[in-house]
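J.: Got a structure for you, written out below as structure tokens; questions coming shortly.
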Amino acid sequence: MPLVGQSTEELFQKAVRDQTRRLLSIARAIVGNSATAEDVVQQAFANLYQHRNRYDWRDPGGLLRRTVVNESLRILRQPRPAVLSDETADADSFAVRSRVNGRGAGPLEGMIDSETTQTVRRAIERLPDHFRAALVLCEYEQMSYVQIADVLGASIPQVKTWIHRGRRQLAQTLKELAPDRWDA
Amino acid sequence: MNVSDSDFSMLELMLDGELPEEAAETLRASMQHDKDLAAAWESLQTQRAARLTMWHEDQPSQQRANMVASRVMREIRVGQAWNRWGWVSRLVGTVAACVVLGFALGWYGRGTRSAGPAPMAQDTAADYRVELTDETGRAVAAQTFHSLDKAVEFANDVDQWRTAQRRGGGSMVVPVVEHTDQY
């Protein structure tokens, strides 16, 4: 039910304005490139708009996140054409910085150099789609296992397994890609 | 690193904030004595920090996000317009199809009727035949007419002629009017 004085249409537009950046980030983290991420977000909004009267748009964060994750996984299930990496394709679109100044997760973040970031990116690209999605929702979105299970339509033990195996696989791949740095 | 699977799972739960506080305290205390456990914890944190750095770097600028948001709204408006026009064109198409169908059915029905025997044609094709017979009933002559009046008139004439012949002692000729179809 919309708020008094605000129609569903207005609330939907507000959601598009307020949430697009966050949704692009999630989609980008799951699908691996910015052009596809934009398509995913656009399609997700288009799908939701068709059935906009069914949903409560006062707090649409969970709905939008779930829709974008599912749309991302749907896109990943389709046959994929070769996609240029973001570094060469649209460096202007997504800010690529060599260093991050300790945002978000703590002091360790500021110590990661760009070479390490590239290695991690390559390692994450090799993860199975569901492992990557679960890891993104857990670490980037900081969602609980219960919320992740809800978004991915899986059981909590399944989500735990995906995250655990994803981390194991990532650690192994990092050792292979940069043994001097990650062979701990 | 020599960390058991169960310990590693506990470390992961702690990393994800899913481990109850008491269990987390116990695990932290264990790390004070177990260097492998502490190293595993540090490794988990370092790897997560690397992933977060990468995801933050990939985050789009606000300007780019605004462009995408504008595109989303524009696409939705275009989609709405197409839906409206689609509805109108479907309506117009349906009406046109009905008109064409009605015309076709009418044309077909009209064609079918003209192909069969038309009542008027049957009427016009009907002829009236006046046969002249002798005393034994054998036809000795015949005359056809397109109308009954003419045929009756002819028969009356022949009757009058026959009466005159009787008076004169001629042979008997009887006119018989028949309705015939000319097919």
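J.: Give the residues of the stretch A:10-35 that are polar (S, T, N, Q), closer than 14 Å to A:V69 by Cβ and open to solvent by 10 Å² or more (accessible area, probe 1.4 Å), sorted by residue number. Can you show your working first?
T.: To start, the set of residues in the stretch A:10-35 that are polar (S, T, N, Q) comprises A:13, A:19-20, A:25, A:33-34.
Then drop every residue that is not closer than 14 Å to A:V69 by Cβ, which leaves A:19, A:25.
Listed by number, the list holds a single entry, A:Q19.
J.: Sticking with this structure for a sec: Across the stretch B:22-42, which residue is nearest to the other protein chains (Cβ to nearest Cβ) among those that are among the small types (G, A, S) and surrounded by fewer than 18 Cβ atoms within 10 Å (Cβ to Cβ)? Lay out the reasoning, then the answer.
T.: Our first condition is that a residue be among the small types (G, A, S); within the stretch B:22-42, this holds for B:23-24, B:29-30, B:38-40.
If we keep only those that are surrounded by fewer than 18 Cβ atoms within 10 Å (Cβ to Cβ) too, we end up with B:23-24, B:29-30, B:38-39.
Working: B:A23: 15, B:A24: 15, B:A29: 21, B:S30: 19, B:A38: 12, B:A39: 7 Å.
Per the stated criteria, the residue is B:A39.
J.: Next question. Can you run down the residue pairs with Cβ atoms below 6 Å, 6 or more apart or on separate chains, where the first is in the stretch B:58-70 and at pLDDT below 95 and the partner is among the aromatic types (F, W, Y)?
T.: B:D58/A:F94; B:P60/A:F94
J.: Any residue at all in the stretch A:141-158 that's within 18 Å of B:S43 (Cβ to Cβ), in contact with a helix residue (DSSP H, G or I) (Cβ under 8 Å, 6 or more places away or on another chain) and either surrounded by 16 or more Cβ atoms within 10 Å (Cβ to Cβ) or aromatic (F, W, Y) (or both)? Break it down stepwise before answering.
T.: Our first condition is that a residue be within 18 Å of B:S43 (Cβ to Cβ); within the stretch A:141-158, this holds for none.
Scanning the stretch A:141-158 turns up no residue that is within 18 Å of B:S43 (Cβ to Cβ), in contact with a helix residue (DSSP H, G or I) (Cβ under 8 Å, 6 or more places away or on another chain) and either surrounded by 16 or more Cβ atoms within 10 Å (Cβ to Cβ) or aromatic (F, W, Y) (or both).
J.: Hey, which of the helices (runs of 4 or more DSSP H) in the stretch A:133-184, taking only ones fully inside, have at least 2 residues that are touching a Phe, Trp or Tyr at 6+ places or on another chain (Cβ under 8 Å) and at pLDDT below 95?
T.: Numbers: elements: A:145-152, A:156-177, A:179-182.
Qualifying helices (runs of 4 or more DSSP H): A:156-177.
J.: Moving on. Mind telling me which of the residues B:L15, B:L19, B:L52, B:L101 ends up being surrounded by 10 or more Cβ atoms within 10 Å (Cβ to Cβ) and facing chain A (nearest Cβ under 8 Å)?
T.: Working: B:L15 fails: facing chain A (nearest Cβ under 8 Å); B:L19 fails: facing chain A (nearest Cβ under 8 Å); B:L101 fails: facing chain A (nearest Cβ under 8 Å).
Just a single option satisfies the conditions, and that option is B:L52.
The values are calculated or read from the model by the stated rules, or taken from the named source; none is laboratory data. Remember, it's a predicted structure, so these values are computed and weren't measured experimentally. All Cβ positions, even for glycine, are placed from backbone atoms using ideal geometry, and neighbour counts span all protein chains on display. Just so you know, the surface numbers come from the protein's heavy atoms only, side chains and all, with ligands and any DNA or RNA stripped out. Shrake-Rupley method; radii C 1.70, N 1.55, O 1.52, S 1.80 Å.
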